[in-house]
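Report on the following structure.
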Amino acid sequence: MMNWQHKRMYEDPISMAVAQSDYTPPDCRFIPVRRGQTLYIFSKLKGRGRLFWLGSVQGDEYGEYTTKLGYFPSSIVQEEHYLMPGKVEVRTDQWDFMCH
């Protein structure tokens, strides 16, 4: 289980980014990302987990399937559009990092 202390979480995306490289997820908490895909970012972990963001992939990766929300490394994307100003901190709990 990941042991991250805080997250910044919003109901609406806080920004949009474009994947600069592919990413193959290690387990169900993470999402697969392909270079060139657009991602909507919903939260940015901080503290020890700051290298990961929570978002959804847009594009043909999921085709007709429901878009999946999951974590991916912040280092593989380039943020292009900021949709929400400011920061809100929300404490995490064990359920934030469980496979559903």
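The values are calculated or read from the model by the stated rules, or taken from the named source; none is laboratory data. It should be emphasised that the depicted structure is a prediction, and the values quoted were computed from it without experimental measurement. We place every Cβ from the backbone using ideal geometry, glycine too, and count neighbours over all the protein chains shown.
Scanning the range 54-70 finds no residues that are modelled with pLDDT of 70 or more, of a type outside the set (Val, Ile, Thr) and touching a Pro at 6+ places or on another chain (Cβ under 6 Å). Looking for something at positive phi, part of a loop (DSSP other than H, G, I, E, B) and at pLDDT 85 or above - is there at least one such residue anywhere in the range 23-35? Looking through the range 23-35, none of the residues is at positive phi, part of a loop (DSSP other than H, G, I, E, B) and at pLDDT 85 or above.
Taken over the range 35-56, residues that are buried (at least 22 other Cβ atoms within 10 Å of the Cβ), of a type in the set (A, V, I, L, M, F, W, C) and within 11 Å of Ser15 (Cβ to Cβ) amount to 3. Candidates in the range 36-47 are the residues that are within 14 Å of Met16 (Cα to Cα) and small (Gly, Ala, Ser); of these, the one that is modelled with the highest pLDDT is Gly36. When you look at Lys87, is it more than 14 Å from the chain's Cα centre (by Cα) and at pLDDT below 85, yes or no? For Lys87, the condition - more than 14 Å from the chain's Cα centre (by Cα) and at pLDDT below 85 - is met. Remark: Arg50 matches the filter, which requires a residue to be modelled with pLDDT under 75 and among the charged types (D, E, K, R).
Among the residues of the range 6-19, the one identified as exposed (fewer than 13 other Cβ atoms within 10 Å of the Cβ) and either touching a Leu at 6+ places or on another chain (Cβ under 9 Å) or modelled with pLDDT of 90 or more (or both) is Asp12.
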